[in-house]
Amino acid sequence: MYSEHVHIMDHPLVAHKLSILRDKNTSTKDFREIVSEIGMLMTYEATRNLPLTTREIETPICRATVPTLDGKKFAVVPILRAGLGLVDGVLRIVPSARVGHIGLYRNEETLEPVKYFCKMPKDVTDRDILIVDPMLATGGSADAAIGFMKEYGCKNIKLMVLLAAPKGIERIVKHHPDVDLYCGAVDDHLNEHGYIVPGLGDAGDRIFGTK
Ligand code: PRP
Ligand code: URA
């Protein structure tokens, strides 16, 4: 166990759908749809502790006091590009969420992230933040994205990834011990190019069909 803040999905639907993503013969269309589906399933888990309040309603039978979401503000922040593939799944579960974007790419030699874009909702510091990216490899991109949201003044930050390498998890736990991390699965290691093994390849290229 890495830390109480690391949550590894333990659900047959997530495992099954990830196996389809891993298959190199899966089409771009299916890949994109399944990334979105897993995003939806994982959001269910990542929102487990959203606060509830109550309200009075009338059922067809009687008056009742029923639970309802406290209306806490929420923002999903995809790390471009590949994180975009998860946004739709999150919004299907939390339709009122705002969306902020952070553009980062990995320098292929140093594997360190380079920032090229940022646009946040104007009240982002009042919101709970869910950063999404399919891949947590060295952890450089997610580490930088979390650091950036903290610099902005955001306090309650979660990170959701489909596949993680142990190295990436260790980096996030070390640099951001306050952040809850949700992983669809944890793979074995990184290869010499910083790709997750066995992994699913380049998530951005597979979502957008760019290779
Ligand atoms: C991929 C992925 C992550 C990052 C993970 O993005 O979507 O953002 O790599 O690697 P790391 O943990 O070692 O930082 P990439 O740089 O390939 O850009 P893309 O989304 O535009 O394809
Ligand atoms: N980025 C990807 O898209 N895939 C990996 O395996 C590692 C980083």
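Could you check, for region 142-149, whether at least one of its residues is under 27 Å from residue 16 (Cα atoms) and within 12 Å of ligand 1 (Cβ to nearest atom)?
Yes; the residues of region 142-149 include at least one that is under 27 Å from residue 16 (Cα atoms) and within 12 Å of ligand 1 (Cβ to nearest atom).
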Failed criterion for residue 147 (all others in (1) of a type outside the set (Val, Ile, Thr); (2) buried (at least 21 other Cβ atoms within 10 Å of the Cβ); (3) farther than 17 Å from residue 7 by Cβ hold): (2)
Some residue of region 73-80 being in contact with an Asp or Glu (Cβ under 8 Å, 6 or more places away or on another chain), of a type in the set (A, V, I, L, M) and within 19 Å of residue 156 (Cβ to Cβ): yes
Residue count, region 182-199 (criterion: among the aliphatic types (A, V, I, L, M), over 18 Å from residue 42 (Cα atoms) and either in contact with a Pro (Cβ under 8 Å, 6 or more places away or on another chain) or buried (at least 18 other Cβ atoms within 10 Å of the Cβ) (or both)): 2
Lone qualifier among 76, 66 - being more than 16 Å from ligand 2 (Cβ to nearest atom) and touching a residue at least 24 places away in the same chain (Cβ under 8 Å): 76
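Residue check: is residue 207 more than 24 Å from residue 24 (Cα to Cα) and surrounded by 16 or more Cβ atoms within 10 Å (Cβ to Cβ)?
no
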Positions within region 10-27 being more than 19 Å from residue 181 (Cα to Cα) and touching a helix residue (DSSP H, G or I) at 6+ places or on another chain (Cβ under 7 Å), in sequence order: 13, 17, 20, 21, 26
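Could we say that residue 28 is in contact (Cβ under 8 Å) with a residue 40 or more places away in the chain and of a type in the set (S, T, N, Q) here?
Judged against the criteria, residue 28 is a match.
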Entirely in region 92-211, the strands (runs of 3 or more DSSP E) that have 2 or more residues that are within 11 Å of ligand 2 (Cβ to nearest atom) and either under 20 Å from residue 77 (Cα atoms) or under 13 Å from the mean Cα position of the chain (by Cα) (or both): 101-106, 157-164
Count of residues meeting criterion [aliphatic (A, V, I, L, M), farther than 18 Å from residue 50 by Cα and modelled with pLDDT under 95] in region 86-109: 1
Strands (runs of 3 or more DSSP E) lying entirely in region 31-85 (those with 2 or more residues that are surrounded by 22 or more Cβ atoms within 10 Å (Cβ to Cβ) and at pLDDT 95 or above): 74-80
Residue list for region 161-211, filter: more than 24 Å from residue 109 (Cα to Cα) and within 9 Å of ligand 1 (Cβ to nearest atom): none
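With respect to residue 71, is the statement that it is of a type in the set (Gly, Ala, Ser), more than 16 Å from ligand 1 (Cβ to nearest atom) and more than 14 Å from the chain's Cα centre (by Cα) true? Explain how you work it out, then say what you get.
Numbers: of a type in the set (Gly, Ala, Ser): yes; more than 16 Å from ligand 1 (Cβ to nearest atom): yes; more than 14 Å from the chain's Cα centre (by Cα): yes.
Considered against the rule, which asks whether it is of a type in the set (Gly, Ala, Ser), more than 16 Å from ligand 1 (Cβ to nearest atom) and more than 14 Å from the chain's Cα centre (by Cα), residue 71 comes out as yes.
The values are calculated or read from the model by the stated rules, or taken from the named source; none is laboratory data. For clarity, every value in this text was computed on a predicted model and none was experimentally measured. Ideal geometry is used to build each Cβ from the backbone, glycine not excepted, and the neighbour counts take in all protein chains shown.
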